[in-house]
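Notes for the one structure printed next.
The values are calculated or read from the model by the stated rules, or taken from the named source; none is laboratory data. Worth saying up front: this structure is predicted, and the values here are computed from it rather than measured. Methodologically, a virtual Cβ is constructed for each residue, glycine included, from the backbone with ideal geometry; neighbour enumeration extends over all protein chains shown. The protein model used for the area step is the full one, side chains on, heavy atoms only, and it has no ligands, DNA or RNA in it. Shrake-Rupley method; radii C 1.70, N 1.55, O 1.52, S 1.80 Å.
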Amino acid sequence: MAKKTLPIRDVFSSKFGVIAAAAGSAVGLGNIWKFPYIAGVYGGAAFLFVYLGFIALIGLPVMLSEFTIGRKSRSNVFGAFKNLAPGSPWKLVGMLGVAAAAMILAFYGVVAGWSIDYVVKAVSGNFAAKSPGELESMFTNFIETPLTPILYQIFFMILTMGIVIIGVKDGIEKYAKFLMPILIVIIIILNIRAVTLEGAAEGLRFLFYPDFSKLTADGVLSALGHAFFSLSLGMGTLVTYGSYIGDDNNLAVTAVQVTIADTLIAILAGIAIFPAVFAFGIEPSSGPGLVFITLPNVFQQMPGGYFFSILFFLLLTVAALTSSISILEVVVAYFREELKIKRNLSTVLATVLIGIIGVFCSLSMGMLKEYTTFGLNFFDLLDWISANLLLPLGGLFISLFVGWYLGRKKIEAELAKGAGVVSWLLSVFIFLVKFIAPGAIAIVFLHGLGFFNFG
Ligand code: TRP
């Protein structure tokens, strides 16, 4: 079925498969767990609007850049830069990406493990008749226990490994295609319940009426970092996926669709959560536990809550899985194509390595929480460094590479495959990747880092 492609590499089998896999990568814990929690920490609506600005001006052009680099080179992220810019240091951007992937998946697996534990809690009816305070201590006690979260994290990593071993078309694409739509339906049902709670209006105001005076340099940097994190940008996930996209695909349309889907789902998650946060008197800035503490309160207050709570955490786990496979795939493609290790062995090696780092992330929530760097425990440190440093840095180089190194002719040739190129849109894209995206990243970066005092 696959059209014109290089012989030995996998390729997505259909256009819908491409969207489902790329959207499956983008939509994950970033949208449902991380977005509401950092929006809560950084003041709600003001953070949301800055984030939306970054999505449009930086995220979308960088996504199209990644797809372009990937499909043009038909290679893993390190090999992509090596092929397109032979003998130059550009391939270091690929190295940066592989490192970022390992760091992200380490803590990502931990949160996905929490989600699996919450499936079990939901099945055993653990949320029933608990006060918001009790639900909060249930979460805190759980993440601080040494053993259980690690077992779930390892279980999740094994699932991720299993799907990646099966391969792109039979593994990644097949699972993403039917699981993503179910998740969207359940979030919409949650929305309906959330906005009809008593006191919902205050939550909606928090999410949609901006008070820009609340914004800090650190908040703006986090909005930028999260734009990259949520869209799976800045480390080569979408370079790698781009390398599996057939020549008949319209890359620009795909990028727009994925960006819109990802952004809508983050906003829907916000609408499911903030009304409930205020209705139940939970602190919006309460951190990584926000979703896990808030939603069980909502499930208690809705008909069929038992059933929906199981379904929700199950699908959250699945959403995490369609993202985690895309992160692991970056490392695996690199091991396979650059270090010439077989696919299966590469996958096992990468999983074990990342799993071990993840165990320390998990322990840093409880047993090892005294060990901090810049005031952050190991989990938060990996999250902060990868999202706020490595991804924007990767994005900066990716946009510079496409804008200045590839140049208009090569970009046009790649984008013209499977599409009619509209000349002025191409010019806008090139202007964005040449000047706006790198300029904005550099400014936010320097500002944010200056504000953030590294001891
Ligand atoms: N975007 C995913 C989420 O929102 C996580 C993810 C997948 C990711 N691939 C990535 C983040 C690459 C950064 C870079 O949950």
**Study point:** Cα-Cα P(r), the range 211-343, percent of pairs per 10 Å interval
**Key:** 9, 29, 31, 21, 8, 1
Review point. What do the square roots of 5 times the Cα gyration tensor eigenvalues come to for the range 44-197, in whole Å, largest first, as semi-axes of the equivalent ellipsoid?
Key: 36, 22, 18
Exercise for review: Would you calculate, for the chain, the mean residue ellipticity at 222 nm contributed by helices, counting each DSSP H stretch of 4 or more residues as -39,500 (n - 2.57) and dividing by all residues, to the nearest 500?
Suggested key: -22500 deg cm²/dmol
Point to revise | Label-point separation in nm, LEU345 to LEU151, each point 7 Å along Cα→Cβ | key: 3.3
Study note, to complete from the structure: Note: the chain, point scatterers on Cα, Debye, no solvent; log10 I/I(0) at q = 0.08, 0.12, 0.14 Å⁻¹ equals -0.42, -0.98, -1.35
Review point. Projected onto the charge dipole of the chain (+1 at Lys/Arg Cβ, -1 at Asp/Glu Cβ, origin at the Cα centre), which of PHE178, LEU345, GLY375 gives the Cα projection farthest towards the positive end?
Key: LEU345
Review point. By how many degrees, 0 to 90 and rounded to 10, does the Cα axis of helix 174-195 deviate from the longest principal axis of the chain?
Key: 40
Review point. On a 0 to 90 degree scale, rounded to 10, what angle separates helix 391-400 from the longest Cα axis of the chain?
Key: 30
Practice item. Give the peptides 336-343, 233-240, 31-38 in descending order of average Cβ contacts within 10 Å, highest first. Key: 233-240, 31-38, 336-343
Point to revise | When each of LYS34/LYS121; LYS342/LYS434; LYS34/LYS409; LYS340/LYS417; LYS82/LYS409; LYS15/LYS121 is checked by Cα-Cα distance, pairs over 27 Å | key: LYS342/LYS434; LYS34/LYS409; LYS340/LYS417; LYS15/LYS121
Study note, to complete from the structure: Of every hundred units of 1.4 Å-probe accessible area on the chain, the number belonging to carbon and sulfur atoms, as a percent, is 70
Practice item. Using Cα centres only, tell me the gap between the range 295-364 and the range 415-434 in whole Å. Key: 35
Study note, to complete from the structure: In degrees rounded to 10, the 0-90 angle between helix 437-451 Cα long axis and the longest Cα principal axis of the chain is 40
Point to revise | the chain: relative contact order in percent, alpha carbon pairs under 8 Å with at least 6 residues between | key: 34
Review point. What size of dipole, in debye to the nearest 20, comes out for the range 315-396 about its Cα centre when the only charges are +1 on Lys and Arg C-beta atoms and -1 on Asp and Glu C-beta atoms?
Key: 300
Check your understanding: Any idea what the relative contact order of the range 288-358 is, in percent, if you count C-alpha pairs under 8 Å spaced at least 6 apart?
Key -> 17
Point to revise | Added length on full extension, which subtracts the Cα-Cα distance from 0.36 nm per residue, VAL422 to LEU264 | key: 54.3 nm
Revision key, fill the gap. Rounded to two decimals, the Debye log10 I(q)/I(0) of the range 313-407 (Cα scatterers, no solvent) at q = 0.19 Å⁻¹ is -1.13
Review point. How much length, in nm to one decimal, is gained on full extension between ASP218 and SER285, taken as 0.36 nm per residue of separation minus their Cα-Cα distance?
Key: 22.7 nm
Review point. Taking 1 over the mean of 1/r across every pair of different Cα atoms in the range 282-351, what Kirkwood radius in Å do you get?
Key: 14.9
Study note, to complete from the structure: Given a Förster distance of 25 Å, the FRET efficiency implied by the Cβ-Cβ spacing of SER88 and PHE431, rounded to the nearest 0.05, works out to 0.55
Point to revise | Among 404-415, 103-114, 67-78, 381-392, the order from most to least packed when residues are scored by Cβ within 10 Å on average | key: 103-114, 67-78, 381-392, 404-415
Check your understanding: Considering only protein heavy atoms, what per residue accessible area in square angstrom results for the chain with a 1.4 angstrom probe?
Key -> 37
